[in-house]
Amino acid sequence: MSRISIVGTGYVGLVTGACLASLGHDVTCVDVDVERVDAIRRGVVPFHEPGLDQLVASTVSRNLHATSSLEDAVAATDVTFVAVGTPSRPDGTINLDQVRAAVKEVGGTLGRTGKSHIVVIKSTVVPGSTERTVIPAIEEASGRSVGNELAVVVNPEFLTEGTAIEDFLHPDRIVVGSTDKEAARRVADLFEVDESVPVLITSSGTAEMIKYASNTLLATLISFSNQIADLGSAMGDIDAAEVMSGVRLSRYLTRGGETASIGSFLEAGCGFGGSCLPKDTAALTAEGARHGVEVGLLRSVLEINTDRPARLLELVLEAQPDLSKSKVAVLGLAFKPDTDDVRESPAFPLVSRLLEAGAEVITHDPVVGAESIPVELRHQVKHLKDLSEVAAIADVLVIVTRWAEYLKIPELIAYREEAPLVVDGRRMLDPKAVPNYRGIGLPRRHG
Ligand code: UGA
């Protein structure tokens, strides 16, 4: 059992804290947001992640604590995970202010206690940040030098929203980067994983890059699929969904009837959103510029993705060129199903474009409420909770998020005299299941 503090109780911090507590460690979560600390103490999780509320509720009375005093937490523990935000700047680079502030405060405390401690950088930081920014900040604030009973290690997280607890408890790999190999090993041991789980101990820069390379690979596959889909639609009788089913059968992706899960990143559609893939691809692209390295591939990956809402609008306009008298429903605001996270969701740029085209816009999401719609759009749309109501009044239905509920659309519109246009941005429906269907990556003759 180790005594661990976690600085930052956002998605990564709270999942990490609750899971480490479930393994028996004594964990203290720290956040400057007092309301959040109070909520955690009451066992309330401030965001939607399947299973997390039960895990927090069951550990909070035992070995999961929450406080707004970083100093108390760090002084009473042996390992501190830093899991604060690293938001994007407009030029794509990441802002390290929260990391810098957190490690300075951790360093200050460690300077006063003089105790042996490991600082773990869990936040996603661009390669080189730990060497260049984190270590000097800790050394300056503590008056101690790293290596002398004070270790700094990088431990990127590979959680996927929606399956975060399972991903944490049964990871595909543990990556720990540091010059202090013993400290790196101690951090890897905290996760108590099965022997079959590969543990990679690397330099801090390599560990940071493994995280970015993993996410940009996924982003690249998605943009690749979207480009193939658009090209196929323009070229003729080519269905992108069938193309990718064929590609997935390659022995590189399918063995003994089992498809590797990376095959699920070959779905053409509205593109990638969320807090990771867009931000990480933008940050690595910006690093290319900073280091004078041409990263045209990454730049294209982003450009193709930014263009997806325009591509969806094109599909709508191909079938219905004048939207000025149309009620257009945007189905799905979450960046993917089973989450209430709307960060970088393609739904909002699509809403803006539809409004510009003169449409009356209705939004729907099974989980996301109107309060998550950006203020500049919120008052220009009608947000409805009931899908059957939306299906009854919309002239056009555009599927943006692959929520299972949208499989009911054919049934919900079956009774309507004049069938609405259905634009399927995720290729969820059988094109023949509704009379008036358009889908990403379908040959144009289906329109
Ligand atoms: C992603 C990675 O999948 C995780 O491995 C990583 O740990 C995490 O980022 C992170 O850095 O924290 P996440 O952002 O939760 O996880 O979401 P994904 O499930 O990867 O989905 C990303 C987006 O890609 C979604 O908007 C989804 O709709 C889109 N997508 C996915 C496609 O457009 N096409 C596809 O074929 C697959």
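A few points about this structure:
- Any hit, the stretch 86-98, residues being of a type in the set (A, V, I, L, M, F, W, C), open to solvent by 10 Å² or more (accessible area, probe 1.4 Å) and within 16 Å of the ligand (Cβ to nearest atom): yes
- Subset tally (residues that are surrounded by fewer than 22 Cβ atoms within 10 Å (Cβ to Cβ) and near the ligand (Cβ under 9 Å from one of its atoms)) for the stretch 277-287: 1
- Here is the figure for the stretch 219-271: residues that are of a type in the set (A, V, I, L, M, F, W, C), in contact with a Lys or Arg (Cβ under 9 Å, 6 or more places away or on another chain) and either open to solvent by 30 Å² or more (accessible area, probe 1.4 Å) or within 8 Å of the ligand (Cβ to nearest atom) (or both) total 6.
Conditions tested, residue by residue: (1) within 15 Å of the ligand (Cβ to nearest atom); (2) β-branched (Val, Ile, Thr); (3) surrounded by fewer than 16 Cβ atoms within 10 Å (Cβ to Cβ); (4) in contact (Cβ under 8 Å) with a residue 60 or more places away in the chain.
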{"position": "Asp340", "(1), (2), (3), (4)": "yes, no, no, yes"}
{"position": "Ser345", "(1), (2), (3), (4)": "yes, no, no, yes"}
{"position": "Leu407", "(1), (2), (3), (4)": "no, no, yes, no"}
{"position": "Pro410", "(1), (2), (3), (4)": "no, no, no, no"}
{"position": "Asp424", "(1), (2), (3), (4)": "yes, no, no, no"}
{"position": "Leu429", "(1), (2), (3), (4)": "no, no, no, no"}
{"position": "Tyr437", "(1), (2), (3), (4)": "no, no, no, no"}
{"position": "Arg444", "(1), (2), (3), (4)": "no, no, yes, yes"}
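- Unique match (being within 18 Å of the chain's Cα centre (by Cα) and at positive phi) among Gly85, Gly51: Gly51
- Criterion: within 14 Å of the ligand (Cβ to nearest atom), buried (at least 20 other Cβ atoms within 10 Å of the Cβ) and either more than 27 Å from Lys279 (Cβ to Cβ) or of a type in the set (S, T, N, Q) (or both) - qualifying residue of Thr160, Thr216: Thr216
- Taken over the stretch 172-189, residues that are surrounded by fewer than 21 Cβ atoms within 10 Å (Cβ to Cβ) and not acidic (Asp, Glu) amount to 7.
- Screening the candidates Val146, Val134, Val153 for the property of being at pLDDT 95 or above, away from the ligand (no atom under 16 Å from the Cβ) and open to solvent by 40 Å² or more (accessible area, probe 1.4 Å) yields one hit, Val146.
The values are calculated or read from the model by the stated rules, or taken from the named source; none is laboratory data. All values derive from a computational prediction rather than experimental measurement. Neighbour counts are summed over all protein chains in view; Cβ atoms, including those assigned to glycine, are modelled from backbone coordinates with ideal geometry. Accessible surface areas use protein heavy atoms only, side chains included; no ligands, DNA or RNA. Shrake-Rupley method; radii C 1.70, N 1.55, O 1.52, S 1.80 Å.
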